[in-house]
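J.: Provided herewith is a single structure, encoded as structure tokens, for subsequent inquiry.
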Amino acid sequence: MRYEFILNFNFQTSATTLTWMLYELALHPDVQEKMHEEVTRVIGTNKSPSIEKYYELIFVRNAVQETLRKRPPISLIPKLCRTKTTIGDYEIPENTEVYLNAYEAQHDERYWKSPHSFIPERFDPTSDYYTKRPSGTLIPFSIGHRKCIGSRYEFFTLIITLKDSVKLRQRW
Ligand code: HEM
């Protein structure tokens, strides 16, 4: 695998997600407020929090999930169908390029209430809505054998960056 490919997928997707996240936060001061409250309560003035502390930032993580749902950085995921395949009513000839449409899956009204609204609470692990969501409806990192290997790393990078941004907000 080419290094450029890995670096590109890594930096561009992270930068895009962070940009959209900050945009959504600017539009939703209430979400900003909740994140600020959680970071202050969980991390406080601790300059080097343990990894466990980051796991406690549930609302911040939910806001990251909601950004990746509403604005997936890779909205069409390219695949090559190597052999003749039938999916439902569709017959796909061999060597056809097909795309997983992450944007559509993540805005499908059958599974997402008010899909165009930014609602981090929908990712609360205790919500029925979250636990009953079928697989394949949230695929910013793709699905299957070739799905992104960086998803967990990515979450931590974003949460650590956002944690500092919402702390800095005190000085804005
Ligand atoms: C918001 C951030 C990211 C998003 C949305 C994202 C999304 C994706 C998607 C959609 C794929 C294609 C999977 C497929 O073909 O089915 C992929 C592949 C990949 N990603 Fe990410 N990615 C992100 C961050 C990262 C990071 C931080 C790393 C490395 C540390 C990384 C490394 C890779 C690699 C190596 C692949 C190729 C996997 C393979 O083909 O087996 N990604 N990513």
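J.: Does at least one position in region 116-131 carry a residue that is more than 16 Å from residue 62 (Cα to Cα) and touching a Ser or Thr at 6+ places or on another chain (Cβ under 9 Å)?
T.: So far as region 116-131 goes, no, none of its residues is more than 16 Å from residue 62 (Cα to Cα) and touching a Ser or Thr at 6+ places or on another chain (Cβ under 9 Å).
J.: Among the residues of region 107-149, which ones are part of a loop (DSSP other than H, G, I, E, B) and polar (S, T, N, Q)?
T.: Kept after step one, since they are part of a loop (DSSP other than H, G, I, E, B), are these residues of region 107-149: 107-119, 124-127, 132-149.
Within region 107-149, 114, 117, 126, 127, 135, 137, 142 qualify.
J.: With (1) away from the ligand (no atom under 15 Å from the Cβ); (2) within 27 Å of residue 162 (Cα to Cα); (3) touching a residue at least 12 places away in the same chain (Cβ under 8 Å) as the list, and residue 49 as the residue in question, which single condition is left unmet?
T.: With (1) away from the ligand (no atom under 15 Å from the Cβ); (2) within 27 Å of residue 162 (Cα to Cα); (3) touching a residue at least 12 places away in the same chain (Cβ under 8 Å) applied to residue 49, the lone miss is (3).
J.: In this structure, is residue 104 more than 26 Å from residue 134 (Cβ to Cβ), more than 13 Å from the chain's Cα centre (by Cα) and either part of a helix (DSSP H, G or I) or modelled with pLDDT of 95 or more (or both)? Lay out the reasoning, then the answer.
T.: Details: more than 26 Å from residue 134 (Cβ to Cβ): no; more than 13 Å from the chain's Cα centre (by Cα): yes; either part of a helix (DSSP H, G or I) or modelled with pLDDT of 95 or more (or both): yes.
Taking the combined requirement at face value, the residue does not satisfy it.
J.: Taking the condition surrounded by fewer than 18 Cβ atoms within 10 Å (Cβ to Cβ), more than 30 Å from residue 40 (Cβ to Cβ) and within 12 Å of the ligand (Cβ to nearest atom), does residue 75 pass?
T.: In short, yes.
J.: Then there's this: Just to verify a result, which residue in region 111-157, among those that are within 7 Å of the ligand (Cβ to nearest atom) and among the hydroxyl-bearing types (Ser, Thr, Tyr), is farthest from residue 23 (Cα to Cα)?
T.: In this case the residue turns out to be 142.
J.: Pairs please, first residue from region 20-44 and farther than 16 Å from residue 158 by Cα, second anywhere and of a type in the set (S, T, N, Q), Cβ atoms under 9 Å, 6+ apart in sequence or on different chains.
T.: Every condition considered, the pairs that remain are 26/32; 40/170.
The values are calculated or read from the model by the stated rules, or taken from the named source; none is laboratory data. Fair warning: this is a prediction, and the values are worked out from it, not measured in the lab. Cβ: placed from backbone, ideal geometry, glycine included. Neighbour counts: every protein chain shown.
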